[in-house]
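Before we start, here is the structure in question, set down as structure tokens.
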Amino acid sequence: MPPLEDRPPLNSNIPPRVAEPKRPLVSDQETQQVFIPGQNSMTEEINFFDDELTEIIAEIEKGIDGLRKLSGTAKSERINYLMNDRMLRAKQSLQSFKVELREVPREQEQTYKVKEKEYHATLQKLNGDLQWAKSEMERSGLGLRSVDDMSTMEILQEGGKVQDQSLGSLARMRAQIADTMQVGTNTATKLKGQTEQLQNIDTDIMKVKSNLNRADLLIRAFMRKMMTDKIIMVFMCLIFCGVVGIIVYKAIDPDGADEAGLNVPDEIVNPLGDSRRQLLFGRR
């Protein structure tokens, strides 16, 4: 860090601090309102950060101007010192300046706000200069030449190379776009085929549903038929049981069966009779 006596005067871009105008004689009450210890301490704090920012900005500007005389490791160390030490400290001081700005008297607030904006703009410009110097140093470390060190013909040749690289990149981008369009077309074709398959599946599902409904109707009809057959079988069983019961009752108590009207013949008689049978066979 250069000694204080070698430092340049304050930057001309930074506005000097505005001296407070002399106030006329006031009453004791107004004097008590003006000379408040808290306000005076806040003003001293913000003036301290004001002086510190002015000093740091002047140091950074001097360091940037001196980068042209340096090269190699010394230049890299100087850039790192300015960026990582001085610029960082300047940002911290500016932040503290903003915090103290909230406590200053209203009649001085506008003046300090103008200074804060100018400090902010100056630090941004200096940070951009340091970033540019760092990139130039990295370019020189890679063997790249600056535009200031190149002739007009070399600049045109370098521009032609950049244009060729841009055209090559453009051609590759067009090829990628064509491949993407082809992939999109193939994807659309596959989606169309899958859509048709889904439609066919939906048609098959409707057919299966229709067959299931038809099968349900057939099962219900079959169940009704089975119930009808069961009812017929029950009636047949009842008739059979009744006939068996009559026969048993007749065998056990023939007289009682006759009195009850259950006349069961002992022999099987042809219901048609012999005469009718002869008549029927005689006609044939």
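Please count how many residues of region 71-111 are farther than 21 Å from residue 50 by Cα, of a type in the set (Phe, Trp, Tyr) and crowded, with 16+ Cβ neighbours inside 10 Å. Break it down into steps so the answer makes sense when it comes.
Taking region 71-111 and keeping what is farther than 21 Å from residue 50 by Cα, we get 71-81.
Going one step further and asking which of them are of a type in the set (Phe, Trp, Tyr), we end up with 81.
Cutting the leftovers down to crowded, with 16+ Cβ neighbours inside 10 Å gives us none.
Final tally of qualifying residues: 0.
Among the candidates 90, 171, which residue alone is more than 21 Å from residue 60 (Cβ to Cβ), assigned to a helix (DSSP H, G or I) and at pLDDT 85 or above?
171
While we're here: Just wondering, is there one or more residues in region 134-156 that are in contact (Cβ under 8 Å) with a residue 40 or more places away in the chain and part of a helix (DSSP H, G or I)?
Yes - at least one qualifying residue is present in region 134-156.
The values are calculated or read from the model by the stated rules, or taken from the named source; none is laboratory data. Small disclaimer: the values here were computed from a predicted structure and weren't measured. Quick reminder, even Gly has a Cβ in these numbers, built from the backbone with ideal geometry, and neighbours come from all protein chains shown.
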